[in-house]
Amino acid sequence: MYTTAIEYPVQQRLDAYNARDIAAFTPWWAADCLYFEFPDRLLARGTAEIRERHVARFREANLHGRLIKRLTVANLVVDQEIVTRTFPDSPGEVDVLAIYEITDGKISRAWFKMGLPRRVATSGCR
């Protein structure tokens, strides 16, 4: 996938997320970044808090963000994704709309709007 300079940190973040590589994930966030549940509920401030939010999640063996569509306008990148996770009651998927503000090549602010988790059918014989 072709990536513009504005999209580059967002794509690197997604690649590190899918690799569950916290060391590769963290540098794409500005030191003073703000991480919101859309529209304005602050979930994390700064890279240390963002790292802390993701360490446990990266232990999920099925964790994967599938990019559906990406839009870029000026210094904003908007991703539509389907994220596979292990939820408390079962594995599943959730629709995610992510908005990233890029400043000096790093994610300075991000907003995440989550859909409702849904179970994923597992294969196997009964």
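No value in this document is a laboratory result; all are computed from the given coordinates. All values derive from a computational prediction rather than experimental measurement. All Cβ positions, even for glycine, are placed from backbone atoms using ideal geometry, and neighbour counts span all protein chains on display.
You will find that of Asp104, Asp79, the residue that is buried (at least 16 other Cβ atoms within 10 Å of the Cβ), touching a residue at least 60 places away in the same chain (Cβ under 8 Å) and under 17 Å from Gln11 (Cα atoms) is Asp79 and no other. Applying the criterion of being in contact with a strand residue (DSSP E or B) (Cβ under 8 Å, 6 or more places away or on another chain) and surrounded by 14 or more Cβ atoms within 10 Å (Cβ to Cβ) to the residues of the stretch 44-56, the residue that is nearest to Arg85 (Cα to Cα) is Ile50. Scanning the stretch 6-36 for residues that are hydrophobic (A, V, I, L, M, F, W, C), surrounded by 19 or more Cβ atoms within 10 Å (Cβ to Cβ) and under 18 Å from Thr84 (Cβ atoms) turns up Leu14, Ala16, Phe25. Any residue at all in the stretch 50-67 that's farther than 18 Å from Asp21 by Cβ and of a type outside the set (A, V, I, L, M)? No. Return the residue satisfying two criteria in turn: it lies in the stretch 59-71 and is over 11 Å from the mean Cα position of the chain (by Cα) and surrounded by fewer than 16 Cβ atoms within 10 Å (Cβ to Cβ), and of such residues it is farthest from Arg118 (Cα to Cα). Top of the filtered list is Leu71.
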